[in-house]
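Scroll down for the structure; my scribbles are underneath it.
The values are calculated or read from the model by the stated rules, or taken from the named source; none is laboratory data. From a predicted model like this one, the values you see are computed outputs, not experimental measurements. In this analysis, Cβ positions are derived from the backbone assuming ideal geometry, glycine residues included, and neighbour counts consider all displayed protein chains.
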Amino acid sequence: MLTQYQGGLYIVWTRLTSYRRSAYRLTSATYFTTTGVAQRVESFAYAYDKVGNRQEYTRTVGSTPTDHHTYGYDEADRLTTVDSQTYTWDDNPLRCAAGTTRQLNKRRRA
């Protein structure tokens, strides 16, 4: 149980009510939160590819999905996309944001 005081007015209690895992990876978790008299259930779900890269993430509050993200990887299992954002890799290999390049000096600093 997590207890948090916010402005000295009320206490927030959150507890993990369930979780699932597969092949040592968290696939879902559900939390129950009480804030004063309000209560809510928040769930997180994860999907992975065969080598363990996260492919999807979904956050649901109550019964409404509030966040959903998808991930893509190249042949070397490097992250290449998050939703519609594309990432490239330089030759060192350090990740660069979409549309950018990074030149590194001999000390491998940007």
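With the requirement that a residue be surrounded by 14 or more Cβ atoms within 10 Å (Cβ to Cβ) and over 28 Å from THR88 (Cβ atoms), what does the stretch 40-60 give you?
Scanning the stretch 40-60 gives GLU42, SER43, PHE44, ALA45, THR60.
Could you please give the count of residues in the stretch 21-77 that are of a type in the set (Phe, Trp, Tyr), part of a strand (DSSP E or B) and modelled with pLDDT under 90?
Total meeting the criteria: 2.
Against the definition (at pLDDT 80 or above, closer than 19 Å to TYR19 by Cα, of a type in the set (Ser, Thr, Tyr) and surrounded by 10 or more Cβ atoms within 10 Å (Cβ to Cβ)), how does THR86 come out, yes or no?
No; evaluated as a whole, the condition is false for this residue.
Step by step: first the residues of the stretch 78-90, then only those that are more than 14 Å from the chain's Cα centre (by Cα) and outside any strand (DSSP E or B), then the one that is nearest to ALA45 (Cα to Cα). Which residue is that?
Per the criteria, the residue is SER84.
Kindly list, by first and then second residue, each pair from a residue in the stretch 17-35 that is of a type outside the set (Gly, Ala, Ser) to a residue that is at pLDDT 85 or above and outside any strand (DSSP E or B), limited to pairs with Cβ atoms under 7 Å and residues at least 6 apart or on different chains.
ARG25/GLY52
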